[in-house]
Amino acid sequence: AVVGKGKAVAICSGCHGVPGIRTAYPEVYNVPRLGGQNADYLVTALRAYRAGDRYNQTMKALASALTEKEILDIAAYYGQK
């Protein structure tokens, strides 16, 4: 979780750390809050974005750049928050 915090701050918090933020591309939707989410759910979601089984253009690009260890670390960080 400690290692994941650095990655989460650098990669995820720009969108997922701002209360009430919405994105306009590819469609308008509220960006979900990640803190407190189940770590296993986050791992599954990030792997699905990386594999293309779950799609959002931004998340696909970000998840594709993550190693398996980074996914586990980020999920651990948000899962304990």
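Filtered by the rule that a residue be at pLDDT below 90, farther than 12 Å from residue 74 by Cβ, of a type outside the set (Ser, Thr, Tyr) and out of contact with any strand residue (DSSP E or B) (no Cβ under 7 Å at 6 or more places or on another chain), the range 16-51 gives 17, 18, 19, 20, 21, 24, 26, 27, 32, 33. When the range 65-81 is limited to residues that are out of contact with any helix residue (DSSP H, G or I) (no Cβ under 7 Å at 6 or more places or on another chain) and outside any helix (DSSP H, G or I), the one that is nearest to residue 33 (Cα to Cα) turns out to be 81. The set of residues from the range 65-81 being open to solvent by less than 60 Å² (accessible area, probe 1.4 Å) and not charged (D, E, K, R) comprises 66, 71, 74, 75, 76, 77, 78, 79. Scanning the range 30-64 for residues that are open to solvent by less than 80 Å² (accessible area, probe 1.4 Å) and either under 14 Å from residue 1 (Cα atoms) or assigned to a loop (DSSP other than H, G, I, E, B) (or both) yields 31, 32, 34, 35, 36, 37, 39, 42, 43, 52, 56.
The values are calculated or read from the model by the stated rules, or taken from the named source; none is laboratory data. In this text the structure is predicted, and so the values were computed from the model without any measurement. Glycine also receives a Cβ, built like all others from the backbone with ideal geometry; neighbour counts cover every protein chain displayed. Accessible surface is based on the protein model in full, side chains and every heavy atom, while ligands, DNA and RNA are left aside. Shrake-Rupley method; radii C 1.70, N 1.55, O 1.52, S 1.80 Å.
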